[in-house]
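Have a look at the structure below before the remarks.
Values in this text are rule-based calculations from the coordinates and carry no lab data. Predicted, not measured: the structure shown is a model, and the values here were computed from it.
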Amino acid sequence: VQLVESGGGLVQAGGSLKLSCAASGRTFSGYAMGWFRQAPGKEREFVAAINYRGDNTPLGDNVKGRFTISRDNAKNTVYLQMNSLKPEDTAVYYCALGGNVWYKAPNKYEYWGQGTQVTVSS
C-alpha cells in the first residue's frame, strides 16, 4: 500500500489549504482513513478520520469547525480541507489507512504516507 500526500505549503493565518492523499495498492473503498499531524517536539496528534462510506467524519478538538475531511472512493483519494488556519496548525500532516473502522490512536493505523508540511505564518 502506498499513500502519497500533497497540497501542503506556506499560508498566512486565516487562510486555507486543501490536502490530498492518494492511495494505491489496496482496495481503498473498504477502509477507514485518518489524518494526523506532528509538530516538532510533539507527539503525533489526531486531526480527522473518515469511515469507508464517508458518512462518519470525526474531528480532533483543535480543528472542529475549521477542518473537513472527505473522500472520493472512485479516485482512491481522501482530502482534508483546512480553513481559518492558525499558526498552531503548523506541522507535518500525515494520512493513514486503517481497518474497517476509524480510530483516534495512531497505532491503530497500519499504513502511512510520507507527510506534507503545512506552515501557517502569523
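Below are the figures for this structure:
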quantity	calculated
Scattering curve values for region 6-66, log₁₀ I(q)/I(0), Debye with Cα scatterers, q = 0.12, 0.20 Å⁻¹	-0.38, -1.01
Taking only Cα atoms of region 67-117, radius of gyration then Dmax in Å	12.3, 34
Reciprocal mean inverse distance between Cα atoms of the chain - Kirkwood radius, Å	14.0
Relative contact order [Cα under 8 Å, 6+ residues apart], region 1-89, whole percent	31
